[in-house]
Amino acid sequence: DTDVPQDVADQVIAVVVEALSNITRHAEAEEAEVSVVADGGYLTVTAADGGVGLPEGARGSGLRTLAERAERLGGTLTVGARPAPGSGTVLEWRVPLPAGHGCA
């Protein structure tokens with residue numbers, strides 16, 4: 001927690017809540033996993049599920065909001081098919097940590 005400034009930590013909470021909400025509402029998944037990692041000067045939130053996958057061209061308001069949150073902090077959002085049997089979706093929300101907060 002000392003590597004992540006409070007404003008970024010607040011965004012992470014919102015990102016995890018939105019990602020899990022999307023999985024619950026849309027994925028029809030029996031499993032989901034979320035990781036939050038601060039390493040190499042970046043903070044990365046990954047949410048993956050074993051659900052039905054993302055429909056072609058899907059970009060609902062939840063994903064748009066996640067992308068905007070990342071962009072405001074100089075980061076990115078990527079969403080795609082999970083590279084595993086049974087597929088599903090993997091979402092990666094990645095933002096740089098401000099100087100003085102990076103992890104080695």
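The values are calculated or read from the model by the stated rules, or taken from the named source; none is laboratory data. Keep in mind that this is a model prediction, so the values were computed, not measured. Virtual Cβ from ideal backbone geometry, glycine too; neighbours counted across all protein chains shown. Please note that ligands, DNA and RNA were not included when accessible areas were found on the heavy atoms of the full protein model with its side chains. Shrake-Rupley method; radii C 1.70, N 1.55, O 1.52, S 1.80 Å.
The helix-based estimate of mean residue ellipticity at 222 nm for the chain, built from -39,500 (n - 2.57) per DSSP H run of four or more residues and divided by its residue count, is -9000 deg cm²/dmol to the nearest 500. Compared with the dominant principal axis of the Cα atoms in the chain, helix 61-72 is inclined by about 20°. Angle of helix 6-22 to the longest C-alpha principal axis of the chain, folded into 0 to 90 degrees and rounded to 10: 0°. Accessible area per residue for the chain is 59 Å², calculated with a 1.4 Å probe on protein heavy atoms, without ligands, DNA or RNA. Under the combined filter of DSSP loop state and at most 13 neighbouring Cβ atoms within 10 Å, region 17-77 retains these trypsin sites (Lys or Arg not before Pro): 59.
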